[in-house]
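Values in this text are rule-based calculations from the coordinates and carry no lab data. Everything numeric here is computed off the predicted structure, so don't read it as measured data. Here the Cβ is made from the backbone with ideal geometry for all residues, glycine too, and neighbour counts use every protein chain on show.
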Amino acid sequence: GVSAGPIGSNYCAANPNSTGSAGAMGAFGFTSVAANDITLTASNLPPGQFGIFVTSASSGFIPNPAGSNGNLCLTGSLGRFVSPGQILFIDGTGEASLAIDLTAIPSGAGTVAAVAGDTRYFQAWHRDGVGGGSNFTDGLQISFTN
């Protein structure tokens, strides 16, 4: 059932970014929708850059979307965490995090609430710092419980 974190399962290989490392997704908290306590994390990213977390109900693999240096590990209706306070600033250690609200997960058509039995897929898109490029972390799958 629930976990005190880390939670989720990584999938889909990330390409190395300008740091020489591949960006990595993680999450901490509880898989319980009732707890509504999950923080997404991204690490091994270029310090001082910006990014966003993206999500979908479907996993996938699209290499170099829109000229990116990375792989998009999501398909279907994509949600972007771009509301005030959700844009990521990558700190000096190459990390960023965001506490998410499971009652308002972004989707292509507004927001949706997580329900027990749902699986969501998450990834971080970030500026790569070299020539104005961008890249992605690997993907993270989280299955929700009561």
In the Gaussian network model of the chain, springs joining C-alpha atoms below 10 Å, which of PHE122, PHE136, PHE89 carries the largest mean-square fluctuation? PHE89
Using θ = phi - 60° and the Karplus form 6.51 cos²θ - 1.76 cosθ + 1.60, what ³J(HN,Hα) does each residue of the stretch 67-74 get, whole Hz, x for Gly and Pro? x, 5, 7, x, 10, 7, 9, 10
Determine the gain in length on full extension of the stretch ILE87-ASN146; use 0.36 nm per residue of separation and subtract their C-alpha separation, reporting nm with one decimal. 18.4 nm
Looking at the chain, send over the antiparallel percent of its DSSP beta bridges, to the nearest 5. 100
Taking every other residue with Cβ under 12 Å from the Cβ of SER143 and scoring Lys and Arg +1, Asp and Glu -1, one gets 0
Please give, to one decimal in nm, the separation of the simple spin-label points placed at ASN10 and ALA116, each 7 Å out from Cα toward the Cβ. 3.1
With θ set to phi - 60° and the Karplus curve 6.51 cos²θ - 1.76 cosθ + 1.60, what are the ³J(HN,Hα) couplings of the stretch 27-35 in order, to the nearest whole Hz, using x for Gly and Pro? 7, 10, x, 10, 6, 6, 5, 5, 6
Have a look at GLY129, GLY70, GLY117 and tell me which one the Gaussian network model of the chain (Cα, springs below 10 Å) gives the largest fluctuation. GLY117
Most fluctuating residue of GLY26, GLY94, GLY85 in a GNM of the chain with Cα springs under 10 Å: which is it? GLY85
Once you charge only the Cβ atoms, +1 for Lys and Arg and -1 for Asp and Glu, what is the size of the charge dipole of the chain about its Cα centre, to the nearest 20 debye? 200
